[in-house]
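The values are calculated or read from the model by the stated rules, or taken from the named source; none is laboratory data. Fair warning: this is a prediction, and the values are worked out from it, not measured in the lab. Cβ atoms come from the backbone with ideal geometry, glycine included; neighbour counts cover every protein chain shown.
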Amino acid sequence: MNFKKHLDLYSPLTDAEFETVLNYFASRKVKKKEYVIRAGHHVHHTYWVQKGLLVSTMHDEAGKEHIMQFAIENCWITDQNAFYNKEKATFDIYALEPTELLCLSFENRENLCKEMHKMEHFFRKKANDSFVKQQKRLLTYMVSDASERYDQLLREYPGITQRLSKKTLAAYLGVTRETLSRLK
């Protein structure tokens, strides 16, 4: 799916409107293991993945990595608290594969929404989807066993297990690599 089709799912745009929208975005290519957001730094953009795979992680005081989300093609990702509230990032976001992004600054997002009601509608609908998705993930961690979390991952990100290392997959599921081997 390309970016226009993605936008059209929530707020259909004419070709002229789409060209206006694109003027607010910048393109960026990142290499595997390259960071787009670093914990402790300010966050100036939200990202839409055209091609590739990003991961949002944080490390606890013991150094254990916790994975918040993946962003595959057609997904948005940022450290939301840092982006919207102009605070420093809690999460690192980096590429697990070479990745092509569309980047939208906070200022451009605000101006785009002022100029085009359809995009304000789009971002509201996407925010609602994001809230629901995060709530489901939290509930999955609270009440589901590792097998159910694995099944949820497969439903949410079809085909992603072939793109992830066992270490990364285990970290996302909150299990050891040995437990992961038993789930498959």
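In table form, for the structure just shown:
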| read-out | value |
| --- | --- |
| Any hit, segment 28-35, residues being in a loop (DSSP other than H, G, I, E, B), modelled with pLDDT under 95 and not β-branched (Val, Ile, Thr) | no |
| Some residue of segment 10-22 being within 18 Å of the chain's Cα centre (by Cα) and at pLDDT below 95 | yes |
| Selection status of residue 101, crowded, with 20+ Cβ neighbours inside 10 Å, in contact (Cβ under 8 Å) with a residue 60 or more places away in the chain, among the aliphatic types (A, V, I, L, M) and farther than 17 Å from residue 165 by Cβ | yes |
| Scope segment 52-99; condition polar (S, T, N, Q) and within 27 Å of residue 155 (Cβ to Cβ); matching residues | 56, 57, 69, 74, 78, 80, 81, 90, 99 |
| Helices (runs of 4 or more DSSP H) contained in segment 99-184 and holding at least 2 residues more than 18 Å from the chain's Cα centre (by Cα) and closer than 30 Å to residue 24 by Cα | 106-115, 117-143 |
| Verdict on residue 67 being touching a helix residue (DSSP H, G or I) at 6+ places or on another chain (Cβ under 8 Å) and either surrounded by 14 or more Cβ atoms within 10 Å (Cβ to Cβ) or farther than 20 Å from residue 8 by Cβ (or both) | yes |
| Of all residues making up segment 81-93, the number that are buried (at least 20 other Cβ atoms within 10 Å of the Cβ) and either under 18 Å from residue 108 (Cα atoms) or in contact (Cβ under 8 Å) with a residue 60 or more places away in the chain (or both) | 2 |
| Odd one out for residue 69, checked against (1) at pLDDT 95 or above; (2) of a type outside the set (D, E, K, R); (3) not in a loop (DSSP other than H, G, I, E, B) | (1) |
| Odd one out for residue 51 among (1) free of Cβ contacts under 8 Å to residues at least 24 places away in the same chain; (2) under 16 Å from residue 77 (Cβ atoms); (3) of a type outside the set (Asp, Glu) | (1) |
| Neighbours by Cβ (under 7 Å, 6+ apart or cross-chain): first from segment 151-180, under 20 Å from residue 32 (Cβ atoms); second of a type in the set (Asp, Glu) | 163/97; 171/65 |
| Segment 1-56: number of residues that are touching a helix residue (DSSP H, G or I) at 6+ places or on another chain (Cβ under 6 Å) and aromatic (Phe, Trp, Tyr) | 3 |
